[in-house]
């Protein structure tokens with residue numbers, strides 16, 4: 001099988017075979033990223049398709065330095081952000097300049113039965129404004145300052161949204177594990 005560098009060079013020459021290879025090799029992982037940012041499967045598929053179009057259009061700018069998968073992930077996350085921004089007027093957030101960020105305290109719950117797919121589903125159920133900030137902060141590692149610029153909100157609103165997302169996640173995780181315990185002990 002061809003190496004990533006070889007596939008990229010083939011894509012740059014317009015090889016449909018190499019484009020398909022690149023898509024098949026990375027689409028599942030990038031689709032998982034799209035699911036983190038989308039509200040549903042259809043939206044995730046749209047983000048993935050738009051993301052791959054941008055990947056192929058901008059492939060010439062990849063300099064073979066650093067992680068190619070990380071480079072593609074950044075494009076997909078930015079595509080999800082663009083989609084979020086285009087709908088942002090539907091989810092207008094009040095700008096909160098001063099907010100005391102309350103860190104969620106560990107609740108002593110045992111989440112060992114919670115699988116990654118379950119956690120992803122719980123995150124996907126967050127309201128869009130909270131899901132976006134949570135993903136950018138917790139999964140992508142952006143600061144509140146960076147998020148505020150990306151999503152066009154204040155740093156305080158970013159902190160508030162993260163705090164609220166964490167509280168919702170803890171509640172839902174606690175409810176979920178409680179249901180699983182009842183079923184297991186049934």
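Derivation of every value follows stated rules applied to the coordinates shown; laboratory data play no part. In this text, all values refer to a predicted model and were calculated from it rather than measured experimentally. We place every Cβ from the backbone using ideal geometry, glycine too, and count neighbours over all the protein chains shown.
The packing ranking, built from the mean of other Cβ atoms within 10 Å per residue, places the peptides 29-35, 136-142 in the order 29-35, 136-142, highest first. Note on residue 118 and residue 13: with the Förster distance fixed at 45 Å, the Cβ-Cβ geometry gives a FRET efficiency of about 0.55. Calculated FRET efficiency, residue 42 to residue 152, Cβ-Cβ distance, R0 = 30 Å: about 0.75 to the nearest 0.05. Taking 0.36 nm per residue of sequence separation and removing the Cα-Cα distance, the residue 74/residue 53 pair yields an extension gain of 6.2 nm.
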